[in-house]
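Encoded as structure tokens, the structure appears first; notes follow it.
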Amino acid sequence: MLRLFFCSLIAATLLASCKHNKACDGVLCSDEYIIPTFNFKLVEPGTDHDLVYGPYAKISLDSIKIKNADTSLPVKQVIDTVSRSAIMVGRLYGPTTLSTTIQGKVYVDKIIYQMKSVDCCRSAVSGIQLNDSPVSLTQDSKGTYLIPYAL
């Protein structure tokens, strides 16, 4: 009986400690809104030249993968013909790594991301760090994360 009392007390404490947004009651979210994305470029350190698209490209888009646990997701590239630039889009959920193959060698970087709530169904990336670096990656004027790759 005492065990049941303590289990009930712990459950009640956990439920009471959760923040609840009453404005979101009854809102159903699809998976498309739940999994956040982030825009990024692989750039040359110091110059920020794009290493995947344009005149300084040295890395093939096909060699870049976002891996979440045991799932490998393709990276989508969005090309802006007006500004002659491109961004890559990756999805984040669970432990995430960026895998890049350059000249037959595989580089794996752990992506550590911070999230912020946008509305009832969506969260947005508020910061990204690579590996064990305490410093967040730099963003360009459009909010694209610049991931430095020294070749």
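The values are calculated or read from the model by the stated rules, or taken from the named source; none is laboratory data. Quick caveat, the model's predicted, so the values are computed rather than measured. Cβ: placed from backbone, ideal geometry, glycine included. Neighbour counts: every protein chain shown.
Out of the residues in the range 140-150 that are farther than 11 Å from Phe38 by Cα and not aliphatic (A, V, I, L, M), which is surrounded by the fewest Cβ atoms within 10 Å (Cβ to Cβ)?
Ser141
If a residue must be polar (S, T, N, Q) and either assigned to a strand (DSSP E or B) or in contact with a Lys or Arg (Cβ under 6 Å, 6 or more places away or on another chain) (or both), how many such residues does the range 124-143 contain? Spell out how you get there, then give the answer.
Of the range 124-143, the ones polar (S, T, N, Q) are 126, 129, 131, 133, 136, 138-139, 141.
When the remaining residues are screened for being either assigned to a strand (DSSP E or B) or in contact with a Lys or Arg (Cβ under 6 Å, 6 or more places away or on another chain) (or both), the result is 126, 129, 131, 139.
Of the residues in that region, 4 qualify.
So, in the range 125-139, exactly how many residues are surrounded by 15 or more Cβ atoms within 10 Å (Cβ to Cβ) and either of a type in the set (A, V, I, L, M) or touching a Leu at 6+ places or on another chain (Cβ under 6 Å) (or both)?
Number of matching residues: 4.
Consider Leu28 carefully, then state whether it is assigned to a strand (DSSP E or B) and of a type in the set (A, V, I, L, M).
Working: assigned to a strand (DSSP E or B): no; of a type in the set (A, V, I, L, M): yes.
So Leu28 fails the test.
Residues in the range 68-81: is at least one modelled with pLDDT under 90, surrounded by 16 or more Cβ atoms within 10 Å (Cβ to Cβ) and closer than 20 Å to Ile102 by Cα?
Yes, because at least one residue in the range 68-81 is modelled with pLDDT under 90, surrounded by 16 or more Cβ atoms within 10 Å (Cβ to Cβ) and closer than 20 Å to Ile102 by Cα.
What is the residue count in the range 109-151 for residues that are of a type in the set (Val, Ile, Thr) and free of Cβ contacts under 8 Å to residues at least 12 places away in the same chain?
Applying the first criterion (of a type in the set (Val, Ile, Thr)) to the range 109-151 yields 111-112, 118, 125, 128, 135, 138, 144, 147.
In the following step, the residues that additionally are free of Cβ contacts under 8 Å to residues at least 12 places away in the same chain were identified as 118, 135, 138.
Number satisfying all stated conditions: 3.
Name the single residue, out of those in the range 49-67 being part of a loop (DSSP other than H, G, I, E, B) and β-branched (Val, Ile, Thr), that is surrounded by the most Cβ atoms within 10 Å (Cβ to Cβ).
Selected residue: Val52.
Just checking, how many residues over the range 98-123 are assigned to a strand (DSSP E or B), under 19 Å from Val75 (Cβ atoms) and either of a type outside the set (A, V, I, L, M, F, W, C) or within 14 Å of the chain's Cα centre (by Cα) (or both)?
The first filter runs over the range 98-123 and keeps only residues assigned to a strand (DSSP E or B), leaving 98-102, 105-117, 123.
Applying the additional criterion that residues be under 19 Å from Val75 (Cβ atoms) yields 98-102, 105-113.
Add one more test, that the residue is either of a type outside the set (A, V, I, L, M, F, W, C) or within 14 Å of the chain's Cα centre (by Cα) (or both), and what stays is 98-101, 105, 107, 109-113.
So the answer is 11.
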